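One structure is given here, and the rest of the page talks about it.
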Amino acid sequence: GRDDVHALLCGNQPGEEQPFVEQLAGSKAAQHVTFGGYRHDIPLLHRSCALGVIASTGWDSMTMSSIEMQASGLPLLVSDLQGLPETIDDGVTGRKFPPGEAMALAEHIASLIDQPTLRQTMSTAARHRVVDKFSRSAQMANMTNVIHNVWMKQQRH
């Protein structure tokens, strides 16, 4: 029922959106949803977004899109499925919600839209978390530590 929210859904192959377009047809929500397909300008689009959502209802893993959205400074709302909660620090960089629970997701979206200070705090935390844990330099440091620890263990035996 809100007029201040627009959903951009990306990642659909041509035609996959059709059942959803038909479901939305004639509803007030139809004008607030855009199916973006596969795109090469996602980082640019993220800059105009308030938050990111991964609303999977079946098994999912830690998706690259979760890292990309947070790297762009988007607080992230994720289904509480194996693999997805690990992408966020719940309550700090985003929030999780029960899979398929549209009202719980809507409440989280409304909360972040209505609280710009909280959204900005989560945005900053999300960006820092990705840089600290998932940047190339962080990954190189982690890999270096693993190799060093294995080498040290072998030297003792």
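The values are calculated or read from the model by the stated rules, or taken from the named source; none is laboratory data. On a predicted model such as this, the values are computed, not experimentally measured, just so you know. Note that we place each Cβ from the backbone using ideal geometry, even for glycine, and neighbour counts take in every protein chain shown. Calculation scope for accessible area: heavy atoms of the full protein, side chains included, ligands and nucleic acids excluded. Shrake-Rupley method; radii C 1.70, N 1.55, O 1.52, S 1.80 Å.
Remarks
- Set S111, S123, S137: member being surrounded by 13 or more Cβ atoms within 10 Å (Cβ to Cβ), over 15 Å from the mean Cα position of the chain (by Cα) and not β-branched (V, I, T): S111
- Taken together, the residues in segment 65-100 that are under 8 Å from the mean Cα position of the chain (by Cα) and in a strand (DSSP E or B) amount to 3.
- Just one of the numbered conditions (1) within 24 Å of I42 (Cβ to Cβ); (2) at pLDDT 90 or above; (3) not aliphatic (A, V, I, L, M); (4) not in a loop (DSSP other than H, G, I, E, B) is not true of Q139: (2).
- For the criterion of being open to solvent by less than 60 Å² (accessible area, probe 1.4 Å) and not polar (S, T, N, Q), V150 fails.
- Test: residue in segment 12-24 that is in contact with an Asp or Glu (Cβ under 9 Å, 6 or more places away or on another chain), in contact (Cβ under 8 Å) with a residue 24 or more places away in the chain and open to solvent by less than 100 Å² (accessible area, probe 1.4 Å): no
- Positions within segment 47-64 being outside any loop (DSSP other than H, G, I, E, B) and open to solvent by less than 50 Å² (accessible area, probe 1.4 Å), in sequence order: G52, I54
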